[in-house]
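Below is one structure; the comments refer to it alone.
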């Protein structure tokens, strides 16, 4: 079959306001960076030469226009990016903590991304993809929750590979139990899971990462699980193998926003070129090394969608290991 898209993603497209110094009057400045985890992933894939498409909503405002123009310039298909004339585009302010970690303040009550409707989902569109990628932020509220479920159903029905990144943001959930339930829904439908260290502890209650991943494997039979460990690197859990690769640490990272999405994009690019059913230990090591290098490089720039590293840049860094 000739596919039109390598990866189709659904979810939030928003503006991340990143701290950018002070004005002459001493006021804090922010840089408006196009973002949102699903499109960050697609942006990395586009940079690596893949064809991608996005399903979501933005507001009929200056930020929605900025986001649409941005993804179209990058090459992400915007045929199913819908302009919502009743709800504003979601905004996020990123706060950098002393330890280098981040906190997010969301302006999303509601935001246009939450208004994605089941009627916006086209089976004919989804069947044109090889991989369908989703997260949990599109499942915090209706109608986007039902739209996400419908898209997942169509993706499974048409034999796409399903990729899931929980991207847990607890302040956006009514209760932590709701967040956990939606994460478990995502686990039950995916073939590829990218999950962070704090997320595995949250959802399984296990402090030991191996035990947490083992419980997911036993309960959901996910073929490939990627665990990101921040400065400690990443691991791949596949069949009976556990492969770990160290991170490429930068001396003075600028912004870690989107590092996990960059990693995820590289993983999906590798799976587009390799059969997920026959990965070897060498394959997994190669995949993690490349993805770790890409994630490292994006921390040296602000924002994510417009900041993805190129293949040669990634290869140059990964070969230094």
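The values are calculated or read from the model by the stated rules, or taken from the named source; none is laboratory data. All values reported here derive from a predicted model rather than from experimental measurement. No Cβ is skipped: glycine too gets one built from the backbone with ideal geometry, and neighbour counts run over all protein chains shown.
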message: Here's a check for you: in segment 156-181, which residue that is without any contact (Cβ under 8 Å) to a residue 40 or more places away in the chain and part of a helix (DSSP H, G or I) is nearest to residue 37 (Cα to Cα)?
response: 170
- line: Of (1) over 18 Å from residue 192 (Cβ atoms); (2) touching a strand residue (DSSP E or B) at 6+ places or on another chain (Cβ under 8 Å); (3) buried (at least 22 other Cβ atoms within 10 Å of the Cβ), residue 309 satisfies every one except (2)
- prompt: Of all the strands (runs of 3 or more DSSP E) wholly in segment 1-99, which have at least 2 residues that are modelled with pLDDT under 95 and closer than 22 Å to residue 294 by Cβ?
  reply: 14-22, 28-35, 91-96
field: Qualifying residues in segment 239-252 (those that are in a strand (DSSP E or B) and touching a strand residue (DSSP E or B) at 6+ places or on another chain (Cβ under 8 Å)) - the one farthest from residue 31 (Cα to Cα)
entry: 242
message: Just to be sure I understand the filter: pairs with C-beta atoms under 8 Å, separated by 6 or more residues or on different chains, first member in segment 70-88 and touching a residue at least 60 places away in the same chain (Cβ under 8 Å), second member surrounded by fewer than 17 Cβ atoms within 10 Å (Cβ to Cβ) and outside any helix (DSSP H, G or I). Which pairs pass?
response: 70/306; 74/306
query: Is segment 50-63 home to any residue that is in contact with a strand residue (DSSP E or B) (Cβ under 8 Å, 6 or more places away or on another chain), loosely packed, with under 14 Cβ neighbours inside 10 Å and closer than 30 Å to residue 197 by Cβ?
result: no
message: Given (1) at pLDDT below 95; (2) within 24 Å of residue 183 (Cβ to Cβ), identify the lone condition not met by residue 300.
response: (2)
message: Checking the structure you have, find out if any residue of segment 243-250 is out of contact with any helix residue (DSSP H, G or I) (no Cβ under 6 Å at 6 or more places or on another chain) and surrounded by 16 or more Cβ atoms within 10 Å (Cβ to Cβ).
response: no
task: Answer with yes or no whether residue 39 is in contact (Cβ under 8 Å) with a residue 60 or more places away in the chain, in contact with a helix residue (DSSP H, G or I) (Cβ under 7 Å, 6 or more places away or on another chain) and closer than 11 Å to residue 306 by Cα.
output: yes
Residue satisfying all of: in segment 28-39; crowded, with 22+ Cβ neighbours inside 10 Å and in contact with a strand residue (DSSP E or B) (Cβ under 6 Å, 6 or more places away or on another chain); farthest from residue 136 (Cα to Cα) among these: 33
message: Going residue by residue through segment 148-168, is there one that turns out to be over 25 Å from residue 268 (Cβ atoms), exposed (fewer than 14 other Cβ atoms within 10 Å of the Cβ) and either in contact with a strand residue (DSSP E or B) (Cβ under 6 Å, 6 or more places away or on another chain) or modelled with pLDDT of 95 or more (or both)?
response: no
task: Return yes when residue 287 is surrounded by fewer than 23 Cβ atoms within 10 Å (Cβ to Cβ) and either in contact with a strand residue (DSSP E or B) (Cβ under 9 Å, 6 or more places away or on another chain) or modelled with pLDDT of 95 or more (or both) and no when it is not.
output: no
field: Residues of segment 253-275 classified as outside any helix (DSSP H, G or I), more than 17 Å from residue 304 (Cα to Cα) and in contact (Cβ under 8 Å) with a residue 24 or more places away in the chain, total
entry: 0
message: Tell me whether segment 15-27 contains one or more residues that are touching a strand residue (DSSP E or B) at 6+ places or on another chain (Cβ under 7 Å), touching a residue at least 12 places away in the same chain (Cβ under 8 Å) and closer than 25 Å to residue 148 by Cβ.
response: yes
query: Any residue in segment 278-289 that is part of a helix (DSSP H, G or I), touching a helix residue (DSSP H, G or I) at 6+ places or on another chain (Cβ under 7 Å) and within 16 Å of residue 48 (Cα to Cα)?
result: yes
field: Candidate set: segment 202-238, residues that are assigned to a loop (DSSP other than H, G, I, E, B) and without any contact (Cβ under 8 Å) to a residue 24 or more places away in the chain; chosen: the one surrounded by the most Cβ atoms within 10 Å (Cβ to Cβ)
entry: 206
